[in-house]
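This report refers to the structure that appears directly beneath it.
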Amino acid sequence: MEGIDGHSAACCNIPPVISKGYEPKGRYETLGGLKTYVTGSVSAKKAILVIYDIFGFFPQTIQGADILAASEEYQVFMPDFFEGQPADIAWYPPVTEEQKSALYTWFPSRVPETGVAKIPKVLTEVESVYEKKDWAALGFCWGGKVVALTSGTDTRWKVSAQSHPGMLDAADGAKVTIPMCVLGSEEEKAEDLVAFGDALKVEKHIERFDDQLHGWMSARADLENEKVRKEYERGYKTVLEFFGKHF
């Protein structure tokens, strides 16, 4: 199917979302010293770096990467920044003292800046293997912060997006120099999303999915719930439409 209204075909060709037992379309490679999920056309001149949430490689997040790569327009790369030690999803939401202790012990050595530091080596090796790419980035929660921190001056991204972003800070938004899409959930404070959007002085799309929990486009998505599945799909369509318009 061709693109419509000036958008790329990628945003019009999302495959059906699989609610259970998803079989990945891509493969794992070591790039920049990190295990990396790679999916999409090897001949694509455009690439998307997907930065997962704190739960790492999850079927819902992997399916999302495959959705982004469903057309031949993008090749998609998702590195394992946590190097095999993601947070346990059983810790979230951290309600009990045990959950809080586990999460708060895990996090200090894996702050978003650790992801920022690993990106250049990953991109360099991707381009040594697959040739030079134009880059976009999409981050979830923790990954959203990494995207915010890498979308300023001298960014490698042509466009970027955050979904259910973690640690929203309007000061980060003020430094962004490229088009940015930000999709919030019911669990981010509405005023934080508004403040971040107001700070952006670039082309932007800011939207709050008011009835979706934090993580609805990644590890916490209950895709057996029809409403969640539809909003998961709509979230990816929104990102692809934004990328198609600005990338």
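Please treat every number below as a calculation from the coordinates, not as lab data. Computed from a predicted structure; not experimentally measured. No Cβ is skipped: glycine too gets one built from the backbone with ideal geometry, and neighbour counts run over all protein chains shown.
Tabulated values for the structure
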quantity	calculated
In segment 181-247, the GluC sites (Glu not before Pro) that fall in loop regions by DSSP, at most 16 other Cβ within 10 Å	E186, E187, E203, E224
For segment 9-246, the spread of Cα positions along each principal axis, largest first, Å	48, 40, 37
Mean-position separation - Cα centroids, segment 179-247 and segment 134-166, in angstrom	13 Å
Rounded to the nearest 20 debye, dipole of the chain from Cβ charges on Lys, Arg, Asp, Glu	600 debye
Segment 100-178: mean projected area of Cα convex hull, nm²	6.0 nm²
Cβ-Cβ FRET estimate between R27 and V202, R0 fixed at 35 Å, reported to 0.05	0.55
Cα→Cβ-extended label distance, 7 Å offset, between K189 and E97, nm	2.8 nm
Residue-averaged [θ]222 nm for the chain, counting only DSSP H segments that reach four residues, each worth -39500 (n - 2.57)	-10000 deg cm²/dmol
Filtered trypsin sites (Lys or Arg not before Pro), segment 200-247: DSSP coil and at most 15 other beta carbons within 10 Å	K201
For segment 204-214, Karplus couplings with θ = phi - 60° (6.51, -1.76, 1.60), whole Hz, Gly/Pro x	8, 9, 10, 8, 10, 8, 5, 10, 10, 7, 4
Counting DSSP beta bridges with both ends in the chain, the antiparallel % (nearest 5)	30 percent
Within segment 59-136, trypsin sites (Lys or Arg not before Pro) in DSSP loop having at most 15 other beta-carbon neighbours inside 10 Å	K132
